[in-house]
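**Student:** Starting off with a structure, shown below.
The values are calculated or read from the model by the stated rules, or taken from the named source; none is laboratory data. For clarity, every value in this text was computed on a predicted model and none was experimentally measured. In this analysis, Cβ positions are derived from the backbone assuming ideal geometry, glycine residues included, and neighbour counts consider all displayed protein chains.
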Amino acid sequence: MKYFTVMENIKESKNVNTVTFNDDISIIPGQFIMAWVPGVNEIPLSFSSVSDRKSITIKIYGEASAQLAKLNKGDKLFYEGPYGNGYSTVRGKKLIIGAGSGIASLMPLVDQHTTGIISGKTADDILFEKRFDKNKLHIVTDDGSKGTKGFATSALENLDMEDFEMIYVCGPEIMMKSVFDYVNDKNVNCQFSLERSMKCGIGLCDSCSVNGYQVCRDGPVFSLDQLRTMDEFGRTRITTSGRRIFF
Ligand SMILES: Cc1cc2nc3c(=O)[nH]c(=O)nc-3n(C[C@H](O)[C@H](O)[C@H](O)COP(=O)(O)OP(=O)(O)OC[C@H]3O[C@@H](n4cnc5c(N)ncnc54)[C@H](O)[C@@H]3O)c2cc1C
Ligand code: FES
């Protein structure tokens, strides 16, 4: 198994940490690793930076993410990967729409041509706002504790979607489904990074399947056209115990 040696642990918010490392591996934005927490689990995590100083940003949910978020300078992060297809990049104007920890995988795409919508339940969930040009950033929170009160789609109403060469979306599926419904009848190019329970990360266990696609191997990034064929998107997912549940 491969490993990174942690250079730094940056606290982004109450329950989100970024760990950085300097390894010489080639990563496409949007790809992920299966990070191993000995005796606990292996979990998928994307890269929040793919430059010389690479990073992973971890939101604490359960024991595996809690242990990874505590890694400090000199500690080893064991992993397999990188896996998945990643985003296809464009040179022109782009819009990124991220919510919660989903903003992490979008961060390598941010440059001077990027307009951002960051949404979250509360101010605490808004990450990485300083990395954007403040004139091109829209912050939206469910409770109005930061930015505008509302959902990601509220910010879309003020933008000309067809102005962007590509729109990238990552976050909770309920948010991605509302963005999908908003853009579905528009003439836009859009990529969505899906999140599913993953056990193997390499197309063997089927825990991540959506309408026959395996998110780990065929995704996690899917185009608008692909999502149009997936009637399970935004409706059902498979739990870690293999049960299908409805959103
Ligand atoms: C391709 C891919 C890329 C990912 N990239 C990142 C990333 O860059 N940063 C990051 O922080 N996370 C990312 N995730 C999500 C991350 O894998 C999970 O949060 C992680 O597996 C949680 O593991 P755990 O053992 O700590 O928690 P668990 O013990 O699995 O879960 C504890 C509780 O939290 C809930 N929960 C767990 N994960 C989530 C979630 N994502 N959203 C809402 N509720 C959840 C569970 O249902 C459960 O109730 C990614 C997922 C995928 C599929
Ligand atoms: S995680 Fe096993 S098939 Fe995708």
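**Student:** Quick check on my filter: what residues within the stretch 153-189 are in a helix (DSSP H, G or I) and of a type in the set (A, V, I, L, M, F, W, C)?
**Tutor:** The answer is Ala155, Leu156, Met161, Ile174, Met175, Met176, Val179, Phe180, Val183.
**Student:** Further question on the same structure: Any residue in the stretch 48-71 that is in the same structural domain as Asp160 (by TED's automatic domain parsing), in a helix (DSSP H, G or I), within 23 Å of Val169 (Cβ to Cβ) and within 16 Å of ligand 1 (Cβ to nearest atom)?
**Tutor:** No; the residues of the stretch 48-71 include none that is in the same structural domain as Asp160 (by TED's automatic domain parsing), in a helix (DSSP H, G or I), within 23 Å of Val169 (Cβ to Cβ) and within 16 Å of ligand 1 (Cβ to nearest atom).
**Student:** May I pose another question? Being of a type in the set (Phe, Trp, Tyr), farther than 27 Å from Ile33 by Cβ and modelled with pLDDT under 95: is that true of Phe164 here?
**Tutor:** Criteria not met by Phe164.
**Student:** When you go through Ser119, Ser105 one by one, which is the residue that is within 27 Å of Leu224 (Cα to Cα), assigned to a strand (DSSP E or B) and of a type in the set (Gly, Ala, Ser)?
**Tutor:** Exactly one of Ser119, Ser105 is within 27 Å of Leu224 (Cα to Cα), assigned to a strand (DSSP E or B) and of a type in the set (Gly, Ala, Ser), namely Ser119.
**Student:** Moving on. May I ask you to say which residue of Ile118, Ile96 is within 19 Å of Ser48 (Cα to Cα), without any contact (Cβ under 8 Å) to a residue 40 or more places away in the chain and either surrounded by 14 or more Cβ atoms within 10 Å (Cβ to Cβ) or not assigned by TED's automatic domain parsing to the domain that holds Ser55 (or both)?
**Tutor:** When all the criteria are applied, what remains is Ile118.
**Student:** For Leu109, only one of the following conditions fails: (1) of a type outside the set (D, E, K, R); (2) within 25 Å of Ser209 (Cβ to Cβ); (3) surrounded by 20 or more Cβ atoms within 10 Å (Cβ to Cβ). What is its number?
**Tutor:** Going through (1) of a type outside the set (D, E, K, R); (2) within 25 Å of Ser209 (Cβ to Cβ); (3) surrounded by 20 or more Cβ atoms within 10 Å (Cβ to Cβ) one by one, Leu109 breaks only (2).
**Student:** Being over 16 Å from Tyr168 (Cα atoms), touching a residue at least 24 places away in the same chain (Cβ under 8 Å) and either more than 12 Å from ligand 1 (Cβ to nearest atom) or out of contact with any strand residue (DSSP E or B) (no Cβ under 8 Å at 6 or more places or on another chain) (or both) is the filter here; which residues of the stretch 211-227 pass it?
**Tutor:** Matches in the stretch 211-227: Asp218 only.
**Student:** May I pose another question? Is there a residue in the stretch 14-25 that is more than 16 Å from ligand 2 (Cβ to nearest atom), surrounded by fewer than 14 Cβ atoms within 10 Å (Cβ to Cβ), under 18 Å from Leu127 (Cα atoms) and touching a residue at least 40 places away in the same chain (Cβ under 8 Å)?
**Tutor:** Yes: one or more hits.
**Student:** Determine which single condition Asp133 fails, assuming it passes every other condition in (1) more than 16 Å from ligand 2 (Cβ to nearest atom); (2) at pLDDT 95 or above; (3) surrounded by fewer than 16 Cβ atoms within 10 Å (Cβ to Cβ).
**Tutor:** It is condition (2) that Asp133 fails.
**Student:** Select, from Ser46, Ser26, the only residue that is polar (S, T, N, Q), in contact with a strand residue (DSSP E or B) (Cβ under 6 Å, 6 or more places away or on another chain) and within 16 Å of Tyr79 (Cα to Cα).
**Tutor:** Within the list Ser46, Ser26, the selection yields Ser46.
**Student:** Of all residues in the stretch 23-47 being among the polar types (S, T, N, Q) and in a strand (DSSP E or B), which is farthest from the chain's Cα centre (by Cα)?
**Tutor:** Within the stretch 23-47, the match that is farthest from the chain's Cα centre (by Cα) is Asn41.
**Student:** Kindly indicate whether Ile126 is under 19 Å from Val183 (Cα atoms) and hydrophobic (A, V, I, L, M, F, W, C).
**Tutor:** no
**Student:** Here's a follow-up. Given the conditions (1) without any contact (Cβ under 8 Å) to a residue 24 or more places away in the chain; (2) surrounded by 14 or more Cβ atoms within 10 Å (Cβ to Cβ), report the number of the one that Leu159 does not fulfil.
**Tutor:** Condition (1) is where Leu159 drops out.
**Student:** Just wondering, is there one or more residues in the stretch 196-206 that are within 16 Å of ligand 2 (Cβ to nearest atom), closer than 21 Å to Thr89 by Cβ and modelled with pLDDT of 95 or more? Reasoning before the result, please.
**Tutor:** Start the filter on the stretch 196-206 by keeping residues that are within 16 Å of ligand 2 (Cβ to nearest atom), which leaves 196-206.
Then keep just the ones that are closer than 21 Å to Thr89 by Cβ; that gives none.
Within the stretch 196-206, none of the residues are within 16 Å of ligand 2 (Cβ to nearest atom), closer than 21 Å to Thr89 by Cβ and modelled with pLDDT of 95 or more.
**Student:** Just the residues that are within 16 Å of ligand 1 (Cβ to nearest atom) and more than 15 Å from the chain's Cα centre (by Cα), please, taken from the stretch 73-132.
**Tutor:** Leu77, Phe78, Tyr79, Glu80, Gly81, Lys121, Thr122, Asp124, Arg131
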